[in-house]
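A.B. asks: My questions will all concern the structure given below.
The values are calculated or read from the model by the stated rules, or taken from the named source; none is laboratory data. This one's a predicted model, so the numbers in the text were calculated from it and none came from an experiment. Neighbour counts are summed over all protein chains in view; Cβ atoms, including those assigned to glycine, are modelled from backbone coordinates with ideal geometry. Just the protein is used for accessible areas: all its heavy atoms, side chains included, with ligands, DNA and RNA removed. Shrake-Rupley method; radii C 1.70, N 1.55, O 1.52, S 1.80 Å.
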Amino acid sequence: MLNGFLALLLCQLLGELLVLATGVPVPGPVLGMVLLLLVLIVIKKTPDSVRLVSEGLLRHLALLYVPAGVGLMVHLEMISQYWLAILVALLVSTFVTMLVTALVFRLLGKFSGPTKGERSGLVRPQGGER
Amino acid sequence: MEFWVYFAAKPLFWLIVTLVVFMFASELNKRSGGTPLLHPVLVAMAIIISFLLVTDTRYETYFEGAQFIHFLLGPATVALAVPLFDHFERIKKMWLILLVACVTGAVTAIVSVLLVGLMFDLPEGVLLSLAPKSVTSPIAIGIVEKIGGFPSLAAGLVLITGAMGCLLAPLIFKLLRVKDDAVKGFTLGLAAHGFGTASAFEVSAVAGAFAGLAMGMTGLLTAFLLPVVISLMGFN
């Protein structure tokens, strides 16, 4: 368990150092994720300790967003002025984004052989069940 | 009063408040049938913000305690490598389609939110804080710091986007008749980052893995694409 946590922290640290060294505009933990993935690919399995800690953290991912979210209180004045526009912009954009993304899969799925459709198919022909 | 001041000044108090309020919000969400309208993070945020305002506490004071939870976002982001590795074979087979979907989706997210914002004449600082709204908050904060918006506003908008994504997802999957968990997960992770990933894990482990992948890819791509897109749209 502790080994696993240490492994995550070391990957994060290496990621942060890489960001400092190269100046890429990406947060350290994201590079840390890439590093850990590379390590897992090389050793061909996930050590139990890493799995235990990772699954524990990911199960409670939502909690980890609360402290940053409370930071919204610093901007309450601005939000009360523009809240409607902000909400509409977020809602429309989120809807369009998801629609476009799912459509890309649908369109490309038609051209890319059986690998995509293997799990009960992302491509549904028109006029299927409603 | 003396006791209250001493007590509240201790970081431990705000750490406990965060945990207790979140547990309460999760329970509330469970009892209401898991509706994203009462997303535990949004409910917890609302309760804690109200509490801080009522007790006249500064955000900095609160964060002294809450930072210990916030800190775990780093290792949790690294931990996403585990579900990714679990489903690596499938990801390898689909890499091209995933890349195309990610670039298209990420650009759509930026352009569409800016266009609607421009229609409403939002000031530039707010627009720039809206731009990375589909990106996981640690990355969004980094991006907004670079392009000149308000980082903490961006962090909050990202969370609201996340809840909206969870709310809209079932509608869109029904509309387009999406059946594949991988596509569901990827769409959720792309548009709704960590919230989408959390709710994708509730669909299945495959959905969760693809959501984590989409969240990571969208974060990476947006970090590079966003400065280009906003300069093309005439900002800065």
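A.B. asks: If I take R0 = 30 Å and measure r between the Cβ atoms of B:L118 and A:L107 in this structure, what FRET efficiency does the formula 1/(1 + (r/R0)^6) give, to the nearest 0.05?
C.D. replies: That gives a FRET efficiency of 0.60.
A.B. asks: Report the A-B buried area as the accessible area lost on both sides summed, probe 1.4 Å, in Å² to the nearest 100.
C.D. replies: Roughly 8300 Å² of accessible surface disappears when A and B pair.
A.B. asks: For region B:79-93 and region A:1-76, what is the centre-to-centre distance using only Cα atoms, to the nearest Å?
C.D. replies: Region B:79-93 and region A:1-76 have Cα centres separated by 15 Å.
A.B. asks: For every other residue with a beta carbon closer than 14 angstrom to the beta carbon of B:A66, add +1 if it is Lys or Arg and -1 if Asp or Glu, then tell me the sum. Display every interim value, and only then the final one.
C.D. replies: Details: positive: B:K10, B:R58; negative: B:E60, B:E64.
Its environment carries a net charge of 0.
A.B. asks: With helices defined as uninterrupted DSSP H runs, which ones in chain B have an alpha carbon span along their own long axis of at least 20 Å and mean Kyte-Doolittle hydropathy of at least 0.0?
C.D. replies: Result, helices passing both filters: B:11-31, B:40-54, B:95-119, B:151-175, B:205-232.
A.B. asks: What number results when the radius of gyration of region B:2-71, computed over Cα atoms, is divided by 2.2 N^0.38 Å?
C.D. replies: Taking N as the residue count of region B:2-71, the ratio is 1.18.
A.B. asks: Need one word for region B:47-148: rounded, prolate or oblate. Basis is the Cα gyration tensor (sqrt eigenvalues a ≥ b ≥ c); a/c below 1.5 gives rounded, then a/b vs b/c decides.
C.D. replies: Oblate, because a/c is 1.5 or more while a/b does not exceed b/c.
A.B. asks: Roll a 1.4 Å probe over the protein chains and send me the accessible area per residue for chain B in Å².
C.D. replies: Computed with neighbouring chains in place, this is 40 Å² per residue.
A.B. asks: Also, quick follow-up: Lysines near B:K92 by alpha-carbon distance under 20 Å, same-chain residues fewer than 8 away left out - which ones?
C.D. replies: A:K44, A:K45, A:K110, A:K116, B:K184
A.B. asks: Taking all protein chains in place and a 1.4 Å probe, what share, in percent, of the accessible surface of the protein assembly as shown do carbon and sulfur account for? List each step's numbers first, then the result.
C.D. replies: Numbers: 11630 of 16480 Å².
Roughly 71 percent, rounded to a whole number.
A.B. asks: Students often forget the sequence filter, so: which aspartates and glutamates lie under 16 Å Cα-Cα from B:K146 once same-chain residues fewer than 8 apart are removed?
C.D. replies: The qualifying aspartates and glutamates are B:E124.
A.B. asks: So for chain B, averaging the separation of alpha carbon pairs under 8 Å that are six or more residues apart and normalising by length, what relative contact order in percent results?
C.D. replies: Details: 291 pairs, mean separation 41.9, N = 236.
Value for chain B: 18 percent.
A.B. asks: Moving on to the next point. With a/c under 1.5 counting as rounded, go ahead and sort region A:1-67 into rounded, prolate or oblate using the C-alpha gyration tensor (a ≥ b ≥ c being the square roots of the eigenvalues; past the cut-off, prolate if a/b is larger than b/c, else oblate). Present the calculation step by step, with values, prior to reporting the outcome.
C.D. replies: On the way: a/c = 2.19, a/b = 1.18, b/c = 1.85.
Because a/c hits 1.5 or more and a/b fails to exceed b/c, region A:1-67 counts as oblate.
A.B. asks: How would you order B:217-229, B:127-139 from highest to lowest mean count of nearby Cβ atoms within 10 Å?
C.D. replies: Top of the packing list down: B:127-139, B:217-229.
A.B. asks: Shielding by partners for B:140-150, please: the mean number of other protein chain Cβ atoms within 10 Å of each residue's Cβ.
C.D. replies: Mean shielding count: 2.
A.B. asks: Moving on. Taking only C-alpha pairs under 8 Å that are 6+ residues apart, what is the relative contact order of region A:1-62 in percent?
C.D. replies: That works out to 42 percent.
A.B. asks: Quick one: grab Rg to one decimal and Dmax as a whole number for chain B, Cα atoms only, in Å.
C.D. replies: Cα only, chain B: 18.8, 64 Å (Rg, Dmax).
A.B. asks: Give the share of C-alpha pairs in each 10 angstrom bin for the protein assembly as shown, from 0 to the last occupied bin, in whole percents, shortest bins first.
C.D. replies: 5, 25, 34, 25, 9, 2, 0, 0
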